[in-house]
Amino acid sequence: MDRFEYRDGELYCEEVRVEDICRDVGTPVYIYSHGTIIDHYRKLDEAFGEIDHLICFSVKSNSNLAVIRALAKAGAGMDIVSGGELYRVLKAGVDPSKVVYASVGKSEEEIEFALQAGIMMFNVESRPEAEAINRVAGRMGVKARIAFRINPDVDPHTHKHITTGKGGTKFGIPIDEAVETYLWAKERLGNLIPCGVHCHIGSQITSVEPYKEALSRIVPLVSELRRNGLEIDTLNIGGGLGIVYKDETPSTADEFAAAVLPYVRDLGCKLIIEPGRFIVGNAGILATKVLYIKRTPHKNFLIVDAAMNDLIRPAFYDSYHRIAPVRIRTEETDTFDVVGPVCETGDYFAKDRRINLVEPGDIISIFSAGAYGFTMSSNYNSRPRAAEVMVIEDRYYIVRKRETYLDLIRGEAIPGELM
Ligand SMILES: *Cc1c(COP(=O)(O)O)cnc(C)c1O
């Protein structure tokens, strides 16, 4: 369920007309529905209501301060992957004791920052990383709670760029080395408290089967670790819950919980889930203006003012995004490629798509752009990044200003010798 809907041929986000936002704020612009974000969070939170759990929002999917703040206010914890994300969540007023930190390459500075902040735990991906955390914690005179990220060697049946829980990816510790790794940490790394087990098998997973497969390997591991004297109190099953982009039929929060709960109900662990896309994916659109309509003997192009630097998912993952005008002028459609102005053939949002006829100057909406949209944007082609807007019922707020040309060159300098 999301709160983008057409009323009399005009697209609304909650109670605000999308065209009004675009007229005031300009394009391209990301527009997020606060109500949708909170609704998705609550659905998952309630589905796991019967056990001790924490939903840690995956900040890399959408790291705008307003989004982080909204979720934190609703009770969410945060899943971070860098010192920069830690900085953001602290700025947004998140309780650090609800923050978990994953990444295969944490620097000592980042580790120190996280220990200073007092995060809940690190998700550790290798022995050298465990040693680094142990070293920094020792220097600071603190103990660090850790989970090893275990790679259960499960195929989540998703795009190869977002498969992480299979053997041969860079992520985690192979499951058959798990016990010896925990025992090694317990015996040798005195500043660590190895109290959790973490896994994250991939992203945009639409079936519960890969999760069940992972749990059927991870849950016995928890018992085995306990038999070996480790006090495991936290099980983190990662994120990856899929959403509808086109015609997928992803499991609902309730179906997901029904699949997971039998494995974890009597485990006596706090359950952590790290959804990103599930919460924000369908809670955001990218609105963009049609600049030109170019008809060639082979194809028709809608050339719009957003580009791959604003939303790279189609180029990066061949991903599908529904596209439609925010004001439907006519039922008549034609087939278009929707492309941006960047000098790359990969700069497209859709190919051979039936779209209602539009005129130059019309705004179109690229749907399901709330996750891995703005956060993966760049300044390629020296394009200032888009504005971000959050709608709360009948009001909208600019939650990130559109960048200016000055922002583009901030921090750059020309050596004196060249002057
Ligand atoms: C990216 C990531 C997530 C979130 O993935 P989604 O598919 O957006 O739910 C969760 N946990 C870890 C460790 C991640 O790297």
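The values are calculated or read from the model by the stated rules, or taken from the named source; none is laboratory data. Treat the numbers as computed from the prediction; the structure is a model and nothing was measured. No Cβ is skipped: glycine too gets one built from the backbone with ideal geometry, and neighbour counts run over all protein chains shown.
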(message) Please determine whether any residue of region 59-70 is over 21 Å from E129 (Cβ atoms) and touching a Leu at 6+ places or on another chain (Cβ under 9 Å).
(response) no
(message) What are the pairs with Cβ atoms under 7 angstrom where one residue, in region 13-29, is closer than 19 Å to F349 by Cα and the other, located anywhere, is among the polar types (S, T, N, Q) and at pLDDT 95 or above? Sequence gap at least six, or different chains.
(response) T27/T288; P28/T288
(request) Scan region 159-166 and give yes if some residue there is touching a residue at least 12 places away in the same chain (Cβ under 8 Å) and more than 15 Å from the ligand (Cβ to nearest atom), otherwise no. (result) no
(message) Quick check on region 11-62: of everything there that is polar (S, T, N, Q) and either at positive phi or within 16 Å of the ligand (Cβ to nearest atom) (or both), which residue is surrounded by the fewest Cβ atoms within 10 Å (Cβ to Cβ)?
(response) T36
(message) I need the strands (runs of 3 or more DSSP E) fully contained in region 258-360, keeping only those with at least 2 residues that are within 16 Å of the ligand (Cβ to nearest atom) and in contact with a Gly (Cβ under 9 Å, 6 or more places away or on another chain).
(response) 270-273
(message) When you scan region 248-269, do you find a residue that is among the charged types (D, E, K, R), surrounded by fewer than 14 Cβ atoms within 10 Å (Cβ to Cβ) and over 28 Å from G284 (Cα atoms), even just one?
(response) yes
(message) Considering only residues that are within 16 Å of the ligand (Cβ to nearest atom) and over 18 Å from the mean Cα position of the chain (by Cα), which ones fall in region 240-250?
(response) E248
(message) Take the conditions assigned to a helix (DSSP H, G or I), away from the ligand (no atom under 14 Å from the Cβ) and without any contact (Cβ under 8 Å) to a residue 40 or more places away in the chain and apply them to E131. Does it pass?
(response) no
(message) Restricting to region 407-419, count the residues that are under 12 Å from S382 (Cβ atoms) and of a type in the set (A, V, I, L, M, F, W, C).
(response) 2
(request) May I ask you to list the residues in region 69-79 that are within 14 Å of the ligand (Cβ to nearest atom) and touching a residue at least 24 places away in the same chain (Cβ under 8 Å)? (result) L71, A76, G77, D79
(message) Could you check region 384-404 and list, in sequence order, the residues that are surrounded by 15 or more Cβ atoms within 10 Å (Cβ to Cβ), over 14 Å from A70 (Cβ atoms) and either more than 23 Å from the chain's Cα centre (by Cα) or among the aliphatic types (A, V, I, L, M) (or both)?
(response) A386, A387, I398
(request) For region 370-378, state whether one or more residues are at pLDDT 95 or above and more than 16 Å from the ligand (Cβ to nearest atom). (result) yes
